[in-house]
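The values are calculated or read from the model by the stated rules, or taken from the named source; none is laboratory data. Please read these numbers as outputs of a predicted model, since none were measured by experiment. Note that we place each Cβ from the backbone using ideal geometry, even for glycine, and neighbour counts take in every protein chain shown. Please note that ligands, DNA and RNA were not included when accessible areas were found on the heavy atoms of the full protein model with its side chains. Shrake-Rupley method; radii C 1.70, N 1.55, O 1.52, S 1.80 Å.
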Amino acid sequence: MYRGVRARLAPWLLAGFGLALTGSAVVWHLGIETRRIGQLGGPALALALDGLLPLVLVYGSYRLVSSSTPGEQVWTVFVWSVVGSVAVGAIIGLSVFIRMIEGRTIAEPVFVTLLAMDTGAVTGLVAGTLAVQARQDASRATRTASTLSFVNDLLRHDIANGLVVIDGRATIIQRNADSEVAQTAADAIHEQVTELDTLVDNAGAVAETLGSDPAFEPTDIVAIAETVIQRIEQTHTVAIELQAPDSAMAYANEAARPVLRNLLENAIEHGTPAAELSAEGTATDGSALQGEARPPDTTQAAADGHDHPSVFVAIRETGDIIETHVIDDGPGIPDDRRDSIFDPRAGDTHGGGLHLVETLVTSFGGGIYLADTASKPDTAFPDTDLDGAHFVVELPQA
């Protein structure tokens, strides 16, 4: 009950405190000081300074109420204002008192003390308001994080249950199918269910990585690369060559899978012949050119004689860094896009994968760059002749 009462009274108390300070200045300057010195000019100027300043508290109370700030938080602002006024006023008043004990002449101790109290009150108002806003922002952020976490867990749970049902039905079809076509379709369903189940697990790892307190552990990047490449080769017509040691341990988590997967899918999307253009085709960055976009003809043979994209992946240890190189056989990144290649683009699904990759790699404490930029000279790999876009991911070695 007490908290409810003070919450209702808080705006009035804050405004009343400001009016009380203004009233004290009016009484002193116009009532006492003018009689002492026999003139109005000086006291009126002093009143314009330490009499109007406290009215900021009245305005602050009005703004807090009009912005629907809860009464308890207005009470916090009121307390900050009172404490600031008393603290600063006490310090200045004590210094004046010490000078008086020393026998020094103090020209106008009351004016200085009133001005100090006004300044402290306004400072407390500002500090209290900022503290309340910070508390509100933190509360909203916590609620948002909790909501997103709940939705993420709920969706993953429901999707996983749905995949179990689909996989079970595919098994029934497979056992009772009389034709090879039905068997092939059931096998494809099994493969897609497995892929989607992996994506659901990856979504959880991504959410954990981008959370406030992610947990990283030694993760074998080579094993992840082998699994991701195997999955991509099952669903894409692509030649991927992997050059890597038996293992390469980096501090990361399962979110390293979508990092490599997005880089490989980006390489496939912009590789030769997938990135070949026509007048109505798509640019190498995935954005549509003038006219209606049409899918590239991946059956057309490329200059080197193959009709599918090729990608070279190399993993190696350099000092205390695990480097992952992804090189495609496309035309490379245009010069005017190099500086913004990792930036998100609103309303465009292309490029979002690279932004996610950079975000995750940065969360791991690593970095990603285009190897042939001015600051990072290209690294030659004699085992491949691919000369398209060359991305390098650096992760801290475990």
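Taking the Cβ-Cβ separation of ASP335 and LEU242 as r and a Förster radius of 41 Å, what is the calculated FRET efficiency to the nearest 0.05? Walk me through the numbers before you get to the answer.
On the way: r = 30 Å, r/R0 = 0.72.
With a Förster radius of 41 Å, E is 0.90.
Working out 0.36 nm times the residue gap between LEU154 and SER139, then minus their Cα-Cα distance, what length gain in nm do you get to one decimal? Could you put the intermediate results ahead of the total?
Details: separation 15, 0.36 × 15 = 5.40 nm, distance 2.23 nm.
The LEU154-SER139 span can extend by a further 3.2 nm.
Which percent of the accessible heavy-atom area of the range 1-40 goes to carbon and sulfur, probe 1.4 angstrom? Could you put the intermediate results ahead of the total?
On the way: 1800 of 2660 Å².
So the carbon and sulfur contribution to the accessible surface is 68 percent.
7 Å from Cα along Cα→Cβ at both THR235 and VAL5: what's the point-to-point distance in nm?
6.5 nm
Compute the Cα gyration tensor for the range 180-249, then decide on rounded, prolate or oblate, letting a ≥ b ≥ c be the square roots of its eigenvalues: rounded whenever a/c is under 1.5, prolate when a/b is larger than b/c in the other cases, and oblate in all that remain. Don't skip to the answer; put the middle values down first.
Numbers: a/c = 3.27, a/b = 1.45, b/c = 2.25.
Oblate shape, in that a/c is at least 1.5 and b/c is the bigger or equal ratio.
With a Förster radius of 51 Å, plug the Cβ-Cβ distance of THR194 and SER67 into 1/(1 + (r/R0)^6) and report the FRET value to the nearest 0.05. Please list the in-between numbers first.
Values: r = 52 Å, r/R0 = 1.03.
Step by step, r from the Cβ atoms, then E = 0.45.
What list of ³J(HN,Hα) couplings, whole Hz, do you get for the range 23-36 from phi and the Karplus terms 6.51, -1.76, 1.60, once you set θ to phi - 60° and write x for glycine and proline?
x, 4, 5, 5, 4, 5, 6, 8, x, 9, 5, 5, 6, 5
Taking square-rooted eigenvalues a ≥ b ≥ c of the alpha carbon gyration tensor, is the range 1-157 rounded, prolate or oblate, where a/c under 1.5 means rounded and, failing that, a/b exceeding b/c means prolate?
prolate
Out of all Cα-Cα pairs in the range 22-83, roughly what percent, to the nearest whole number, are more than 17 Å apart? Walk me through the intermediate numbers first.
Working: 962 of 1891 pairs.
The calculated P(r) of the range 22-83 puts 51 percent of pairs beyond 17 Å.
I'd like the Karplus ³J(HN,Hα) series for the range 47-62: coefficients 6.51, -1.76, 1.60, θ = phi - 60°, whole numbers in Hz, and an x wherever there's a Gly or Pro.
Those phi angles translate into 5, 4, 8, 8, x, 7, 4, x, 5, 4, 5, 5, 5, x, 4, 4 Hz.
Let me check I've understood the local charge: for TRP28, count other residues with C-beta under 13 angstrom from its C-beta, Lys and Arg +1, Asp and Glu -1. What total comes out?
Values: positive: ARG35, ARG36; negative: GLU33, ASP50, GLU108, ASP118.
Residues near TRP28 contribute -2 overall.
For the range 215-260, just say rounded, prolate or oblate: build the C-alpha gyration tensor, square-root its eigenvalues into a ≥ b ≥ c, call rounded for a/c under 1.5, and beyond that prolate if a/b exceeds b/c, oblate if not.
Since a/c reaches 1.5 but b/c is at least a/b, the shape of the range 215-260 is classed as oblate.
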